[in-house]
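Encoded as structure tokens, the structure appears first; notes follow it.
The values are calculated or read from the model by the stated rules, or taken from the named source; none is laboratory data. The structure presented is a predicted model; accordingly, all values stated were derived computationally and were not measured. Positions of Cβ are backbone-derived with ideal geometry, glycine not excepted, and every protein chain shown enters the neighbour counts.
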Amino acid sequence: MTEPIIDERVIRACQAGDREAFRMLFEAYKDRVFSIAVYSFGGDQTAASDVTQQIFLKLLTTIGQFRGESQFTTWLYRLVANACIDEQRRSKRYLPFGESDPMTKIQDRVPQERRYARMELADSVKDAICELKPKFRLPILLKYMEDLSYEEIACVLGCSKGTVASRLNRGHKELARRLAHLRDQVVLGD
Amino acid sequence: MFLNHITRELSAYHHGELSPQDSRAVAEHLIGCQRCRAEFEQIKLGARFAESLPQLQAPESLWKDLEGLIEAQTGNNGSSRTSSSRVSWSFFQPRFAAIAAALILAFGLGGFFLYMRASRPSWEVARLDGAPRIGSTRINDKSRLGIGQWLETDGVSRAQISVGSIGQVEIDPNTKVRLLQTLPTEHRLELARGRMSARIWAPPRLFFVDTPSAVAADLGCAYTLEVDDNGGSLLRVTSGWVALELKDRESIVPAGAACATRPGIGPGTPYFEDASEIFRKALSKLDFEPRDTEWSKIPSLNLVLMESRGRDTLTLWHLLSRVQGDDRVLVYERLAALAPPPNGVTREGIVQLDSQMLTLWKDNLEHTWSNESLPGVRKVWKKVWTTGLGKMRELEGKK
């Protein structure tokens, strides 16, 4: 389904308690929120589904507090980032880095696609992202999944733009190091 | 220009997040600093991996589960819900939902395609001869090449691509190219087969061409690049400098020189095209068929050394790091005879491949390889950059 377009009217309708509008909001952001949650929980889709539900439930109950002082997406992703960080602290469901194969469930879901080199590259990238430290992973996810600017990422994470730049630097270098053996696949146009 | 290393700025530079002044300063620093350039390549590689990260689809059951939770919460707080909530919830019946979904889909699709069409970066392509095609669409006069699209010419057609505001590429007959990337900090084309000629007036390392066996990185230049059916390529530089790279192997090719590449090996050793035929053939054997002893009883390396002239120090300098043991000593001695090493460069250091000494010797030799020495190129680029391209990057960055 194509993403619904979310504008001020939809947000105002959500604030007024219109559940149809809320459904539109959910449809627009569910995949992005779920993706961030999956990558934040080492590929555990069950944990990611739970957290995604919690995030939208919280969104429903707190959207009245959104005053339009920042972008709605910035506000939403702040909820997402906080929920992921809180849940990771609290839950034992989160797989520690480097233990077992965190992406098994995703890989099981798309076995036929694994035949293709591009998907194998994507799988390796997913693994490498899951293995990044959270403080490097979240800026990478917000940059590449949501295309947020450094300022927006800083606002979401509650840090400075310089910190965002520094963490992205570390994240990029870490990905390049972990995936160096796949360099030709991206450099030579896979 | 930054005097200290700028490694902390590189991601922000890559994403166009720096101010125009800082962006210019980083670009200028990169031109002169090998260490930061290497670091920048790492950052760009990491970014490329991150770009390939797919978005996942939330499970279909997620809304149903969420609905249950909302219902539970609404039930708990039912008395506090507004009438508008109840009205809109009753509106959410299958029949109305289907109509709403169809409307959302129609408006969403229209908006999405309009948005994609307007915002997708692309390059202008002009037909020069025949009927070049983008995908399956024939170009009548002008068209645009989007990221991921192939431009293909048949036996009689030619086309010209405007590479953003930084240069032009002419596509010869029987050629297939694809636009891979166009960003303020990187423009990248893939040449799958055939021949293209590029004229680029951008700062070094802004325009790249991927071939099946190496990547050509523009250092401020004009050149032709052709790829054969086996994936091998030949680079011929007519102005400025080009670097051919694959993994850790790099060949720097000045105007008047050429360099071949082979799949699985990468770039061979650069040579001046006016070198003797024996020199060129022996070098090709040395690079790509070192075990072929049939064509000459004299080892290829010896032929290269015997035939080398003063200008061929370009080839010999590159060979230093590509041959081993006694062969390296032979290359050193011939190179030293043609161009004595500068102060600070010793035979022992070179045999040990001391990178500082290799760079020092190269810097000392560069003026003999080209009238357009790298320092000169840097000055030109600095001027070009500060006048026009800074603005361009600012504009592209905003996009």
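Would you tally the residues in the range B:216-230 being more than 17 Å from B:K176 (Cβ to Cβ) and within 14 Å of another protein chain (Cβ to nearest Cβ)?
Total meeting the criteria: 1.
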Exactly one of B:L225, B:L244, B:L235, B:L219 is closer than 18 Å to B:P270 by Cβ, of a type in the set (A, V, I, L, M, F, W, C), surrounded by 18 or more Cβ atoms within 10 Å (Cβ to Cβ) and touching a residue at least 60 places away in the same chain (Cβ under 8 Å), and that residue is B:L219
Taking A:G42, is it modelled with pLDDT under 85, among the small types (G, A, S) and closer than 19 Å to A:M145 by Cα? yes
Would you check if there is a residue in the range A:12-35 being more than 7 Å from every other protein chain (Cβ to nearest Cβ) and in contact (Cβ under 8 Å) with a residue 60 or more places away in the chain? no
In the range A:137-148, which residues are within 7 Å of chain B (Cβ to nearest Cβ) and without any contact (Cβ under 8 Å) to a residue 24 or more places away in the chain? A:Y144
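Could you check how many residues of the range B:345-367 are part of a helix (DSSP H, G or I) and exposed (fewer than 15 other Cβ atoms within 10 Å of the Cβ)? Give the steps one after another, and end with the answer.
Keep residues of the range B:345-367 that are part of a helix (DSSP H, G or I), which gives B:347-351, B:355-367.
Then drop every residue that is not exposed (fewer than 15 other Cβ atoms within 10 Å of the Cβ), which leaves B:347-348, B:355-356, B:359, B:363, B:367.
Counting residues in the range B:345-367 that are part of a helix (DSSP H, G or I) and exposed (fewer than 15 other Cβ atoms within 10 Å of the Cβ) gives 7.
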Hey, could you check the range A:36-78 for residues that are farther than 20 Å from A:E8 by Cβ and among the acidic types (D, E) and say which is farthest from the other protein chains (Cβ to nearest Cβ)? A:D44
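Just to check your reading of the model, which residue among B:I70, B:I31 is modelled with pLDDT under 85, facing chain A (nearest Cβ under 8 Å) and in a helix (DSSP H, G or I)?
Only one candidate qualifies: B:I70.
Go through the range B:281-344 and tell me which helices (runs of 4 or more DSSP H), entirely inside it, have 3 or more residues that are modelled with pLDDT of 95 or more and closer than 26 Å to B:P263 by Cα.
Values: elements: B:300-307, B:313-320, B:325-338.
Where helices (runs of 4 or more DSSP H) fall fully within the range B:281-344 and carry at least 3 residues being modelled with pLDDT of 95 or more and closer than 26 Å to B:P263 by Cα, they are B:313-320.
Quickly run through the range B:3-16 and pick out the residues that are within 12 Å of another protein chain (Cβ to nearest Cβ) and either in contact (Cβ under 8 Å) with a residue 24 or more places away in the chain or not charged (D, E, K, R) (or both). Give the derivation first.
So in the range B:3-16, the residues within 12 Å of another protein chain (Cβ to nearest Cβ) come out as B:6-16.
Listed by number, the residues that qualify are B:I6, B:T7, B:L10, B:S11, B:A12, B:Y13, B:H14, B:H15, B:G16.
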Identify the residue in the range B:17-28 that is more than 8 Å from chain A (Cβ to nearest Cβ) and not in a helix (DSSP H, G or I) and, among all such residues, is modelled with the lowest pLDDT. B:S19
Lone qualifier among A:M119, A:M103 - being at pLDDT below 80, within 12 Å of another protein chain (Cβ to nearest Cβ), touching a Cys at 6+ places or on another chain (Cβ under 7 Å) and more than 30 Å from A:C14 (Cβ to Cβ): A:M103
Extreme residue, farthest from A:R23 (Cα to Cα), among residues of the range B:43-59 that are at pLDDT 85 or above and surrounded by fewer than 20 Cβ atoms within 10 Å (Cβ to Cβ): B:E51
Qualifying positions in the range B:174-198 - more than 13 Å from the chain's Cα centre (by Cα) and either at pLDDT below 90 or of a type in the set (S, T, N, Q) (or both): B:N174, B:T175, B:S197
